[in-house]
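For reference, the structure discussed in these notes is given below.
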Amino acid sequence: MAKHGQARKRYLSDLTEEQWVILEPMLPAPRTQHGGAPRRIDMRAVLDTLLYQNRTGCQWDMLPHDLLPKSTVYDYFAQWRDDGTWVQIVSLLRTRVRIQDGREPTPSAACIDSQSVKTTEVGGPERGYDGGKKISGRKRHVLVDTIGLLLVVLITSAKLDDGAAAIKLLAQISADDFPRLTVIFGDSKYHNHDLHAWLQENRPSWRIEVKTRPAGTPGFIPLPKRWVVERTNAWHGRARRNSKDYERKPESSAARIHLSHIQLMLHRLSPVPHPEFHYQKEAA
């Protein structure tokens with residue numbers, strides 16, 4: 001089993017020195033305050049292994065021998081999934097990216113959308129059929145700011161109505177989390193009575209603004225504001241682990257989106273000279 005300090009081939013997914021300096025303080029401290037054993041695992045090697053797997057889509061037992069094995073890495077992935085570490089890192093990095101771009105730490109507007117994806121035979125019980133997309137699997141519901149940075153993600157059965165799922169998605173965050181947020185852009189799927197009623201009762205300072213393409217326009221038309229969230233889905237699609245939903249638990253599927261977005265934002269904060277990691281920034 002190779003350790004991070006040993007010489008090995010560098011993978012494109014590896015953290016750079018600058019990225020590790022950003023990320024290391026965001027990781028949970030080792031649990032040694034109550035007499036636990038000192039941490040001996042190289043945490044940078046843990047992250048490099050997870051980022052490699054997420055980027056390439058390889059199976060746990062197909063990890064290269066110069067990376068850490070599943071027996072070492074999976075426990076950290078699952079622990080940070082369950083204790084909210086991945087969510088917290090996304091939040092901290094998002095704030096840094098927004099400030100770097102000259103924006104306020106929290107957004108005043110957001111975009112919402114869903115993406116139906118196929119599952120495998122180990123996809124778990126939370127599966128269903130999306131009649132509109134003709135896909136049997138799960139849906140990834142995401143809320144992003146107007147430059148495409150992730151605010152929250154929810155994984156559901158593909159058969160769940162987007163308006164109903166939006167209530168569950170938005171319930172994960174509060175007005176205190178995003179004090180400047182007032183408008184959420186979505187398509188016609190979010191013109192939903194129950195969703196609007198829930199917002200009036202639970203998030204009265206927020207409103208859904210539905211964007212629809214002009215009548216009579218054939219083919220694909222990028223809509224103002226709405227295209228931003230679809231670009232975020234495309235960014236996540238660069239991680240091959242997201243080509244399908246391979247996870248047994250929906251929570252693990254959400255963690256994969258968080259991990260993909262962490263890598264994206266690290267490259268925004270510390271760019272690397274490689275075309276696959278170039279994420280164009282547009283004014284919003």
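Any idea how many residues of the stretch 67-88 are more than 17 Å from the chain's Cα centre (by Cα), surrounded by fewer than 15 Cβ atoms within 10 Å (Cβ to Cβ) and outside any helix (DSSP H, G or I)?
Selection size over the stretch 67-88: 1.
Name the pairs: first residue in the stretch 202-219 and part of a loop (DSSP other than H, G, I, E, B), second residue modelled with pLDDT under 75, Cβ to Cβ under 7 Å, at least 6 apart or on different chains?
What qualifies is LYS211/LEU223; LYS211/PRO224; LYS211/LYS225; LYS211/ARG226; ARG213/ILE221; ARG213/LEU223.
Please find, within the stretch 34-66, the residue that is surrounded by the most Cβ atoms within 10 Å (Cβ to Cβ) out of those that are under 15 Å from the mean Cα position of the chain (by Cα) and of a type in the set (A, V, I, L, M). Reasoning before the result, please.
From the stretch 34-66, those under 15 Å from the mean Cα position of the chain (by Cα) are 50-51, 54-55; that's our starting set.
Adding the requirement that they be of a type in the set (A, V, I, L, M) leaves 50-51.
Values: LEU50: 25, LEU51: 23.
Result: LEU50.
Look through the stretch 38-66, keep the residues that are outside any loop (DSSP other than H, G, I, E, B) and basic (Lys, Arg), and return whichever of them is nearest to LEU12 (Cα to Cα).
ARG55
Would you mention how many residues in the stretch 118-151 are modelled with pLDDT of 90 or more, open to solvent by 10 Å² or more (accessible area, probe 1.4 Å) and of a type in the set (A, V, I, L, M)?
Adding up the residues that qualify gives 2.
Note down all Cβ pairs under 6 Å where the first residue falls in the stretch 94-121 and is under 25 Å from ASN242 (Cβ atoms), the second is of a type in the set (S, T, N, Q) and open to solvent by less than 50 Å² (accessible area, probe 1.4 Å), and they're at least six residues apart or on different chains.
Close Cβ pairs satisfying both conditions: GLN115/ASN233.
Residues are listed down the side, and each one gets a yes or a no for (1) at positive phi; (2) modelled with pLDDT of 95 or more; (3) not hydroxyl-bearing (Ser, Thr, Tyr):
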| residue | (1), (2), (3) |
| --- | --- |
| GLU18 | no, yes, yes |
| ALA29 | no, no, yes |
| THR32 | no, no, no |
| ILE41 | no, no, yes |
| ASP48 | no, yes, yes |
| TYR52 | no, yes, no |
| ASP61 | no, no, yes |
| THR85 | no, yes, no |
| GLN88 | no, yes, yes |
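Listed here are the residues, each with its yes/no results for (1) open to solvent by 40 Å² or more (accessible area, probe 1.4 Å); (2) over 10 Å from the mean Cα position of the chain (by Cα); (3) at pLDDT 95 or above; (4) β-branched (Val, Ile, Thr).
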{"residue": "GLU230", "(1), (2), (3), (4)": "yes, yes, no, no"}
{"residue": "ALA239", "(1), (2), (3), (4)": "no, yes, yes, no"}
{"residue": "ARG248", "(1), (2), (3), (4)": "yes, yes, no, no"}
{"residue": "GLU251", "(1), (2), (3), (4)": "yes, yes, yes, no"}
{"residue": "LEU259", "(1), (2), (3), (4)": "no, no, yes, no"}
{"residue": "MET265", "(1), (2), (3), (4)": "no, yes, yes, no"}
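So, of the residues in the stretch 118-167 that are part of a strand (DSSP E or B) and among the charged types (D, E, K, R), which turns out to be nearest to the chain's Cα centre (by Cα)? I'd like the intermediate steps shown before the answer.
Kept after step one, since they are part of a strand (DSSP E or B), are these residues of the stretch 118-167: 118-119, 128-130, 135-145, 150-157.
Filter once more, keeping what is among the charged types (D, E, K, R): 118, 130, 138-140, 145.
Numbers: LYS118: 17, ASP130: 22, ARG138: 15, LYS139: 13, ARG140: 10, ASP145: 13 Å.
Restricting to residues being part of a strand (DSSP E or B) and among the charged types (D, E, K, R), the top hit is ARG140.
Pairs only if they're at least six apart or on different chains, beta carbon under 8 angstrom, first in the stretch 174-195 and free of Cβ contacts under 8 Å to residues at least 40 places away in the same chain, second open to solvent by 70 Å² or more (accessible area, probe 1.4 Å) and in a loop (DSSP other than H, G, I, E, B); list them, first residue then second.
Note: pairs meeting the criteria are SER188/THR212; ASN192/ASP161.
The values are calculated or read from the model by the stated rules, or taken from the named source; none is laboratory data. Remember, it's a predicted structure, so these values are computed and weren't measured experimentally. For neighbour counting, all protein chains shown are included, and Cβ atoms are generated from backbone atoms with ideal geometry for every residue, glycine included. These accessible areas exclude ligands, DNA and RNA; they are computed on the full protein's heavy atoms, side chains included. Shrake-Rupley method; radii C 1.70, N 1.55, O 1.52, S 1.80 Å.
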